[in-house]
Amino acid sequence: MPIDQPVVLTAAQARVLGALVEKEVTTPDYYPLSINALMNACNQRSNREPVTDLDEDTVRMALHGLEDKGLAGRARSSDGRVTKYEHWLGEAFNFTRAETALICVLLLRGPQTPGELRGRTERMHRFDELTDVTAVLQKLMEREPSLAAVLPRQPGTKESRYAHLLSGPIDAASFAAPPVYAASGGEGVDSDRIARLEAEMSELRKGMDNASLTPTAYMPASGAGVDSQRMGRLEAEMNELRKEMAALRAKIDDLFA
């Protein structure tokens, strides 16, 4: 039965629905799915964001909720020996293959850019151009009620992300990308710290060099050992800090590539 009212899915219902849609296309020989196969599909480690650990009771409750909404339930063609489950997304929304693919990946992986969606829907539907993706997203946004929305572009990114609206209105702040620290901020602080450490190490080296020129009778017994230990700690701290800076530069390069 076609749906003409807003749908609000729980997180578990969205994951179950997305998993059913995906497996119908990618593993048709094993579809519809048994409850165990569906639970494994929901909790698989690849192509899922976030990765979940739904138990059988949670999956069953999600299925009951989806059945009440006319979106999924027991397979109508099941032979009766093992209960299997299927989705009815096509009947509910009269989706094209392209629309089904985009909604599926959005259900399984959350907000994504058109470029990400194009790559991740390839097994379900091939989009020849990026503009084909945005055109279908626009159709989903123009439906009544709307089924997709564009999120505000994050600082330092080239593409906007899109999200489905099958779980209700989007709180853009909850999907904000982690803060990115520009080179003038985060790296500047780390550079100052490295400079301070290098200066301290230089002073230590001078002190150790002077100590080596001092007659043995007047040199403290433990001073050189203490300085050597301190030098080792400073060098380890600097190496760790350089690694952190290299990782930060790589992230910044990826964002602005």
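The values are calculated or read from the model by the stated rules, or taken from the named source; none is laboratory data. Predicted model, so just to flag it, every value in this text is computed and none were measured. Note that each Cβ is placed from the backbone with ideal geometry, even for glycine, and that neighbours are counted across all protein chains shown.
Below is a table of values for the structure above.
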read-out	value
Lone unmet requirement of (1) surrounded by fewer than 21 Cβ atoms within 10 Å (Cβ to Cβ); (2) over 24 Å from Val136 (Cα atoms) for Gly110	(2)
Residue list for region 152-180, filter: modelled with pLDDT of 90 or more and of a type in the set (A, V, I, L, M, F, W, C)	Ala163, Leu165, Leu166
Asp29 vs. criteria exposed (fewer than 13 other Cβ atoms within 10 Å of the Cβ) and either over 27 Å from Glu122 (Cα atoms) or of a type in the set (Gly, Ala, Ser) (or both)	no
Sole residue being out of contact with any Leu (no Cβ under 8 Å at 6 or more places or on another chain), surrounded by 15 or more Cβ atoms within 10 Å (Cβ to Cβ) and in a helix (DSSP H, G or I), chosen from Glu24, Glu99, Glu91, Glu67	Glu24
Of all residues making up region 119-166, the number that are hydrophobic (A, V, I, L, M, F, W, C) and farther than 26 Å from Glu24 by Cα	2
Selection within region 117-142 - free of Cβ contacts under 8 Å to residues at least 24 places away in the same chain and not in a loop (DSSP other than H, G, I, E, B)	Arg118, Gly119, Leu130, Thr131, Thr134, Ala135, Gln138, Met141, Glu142
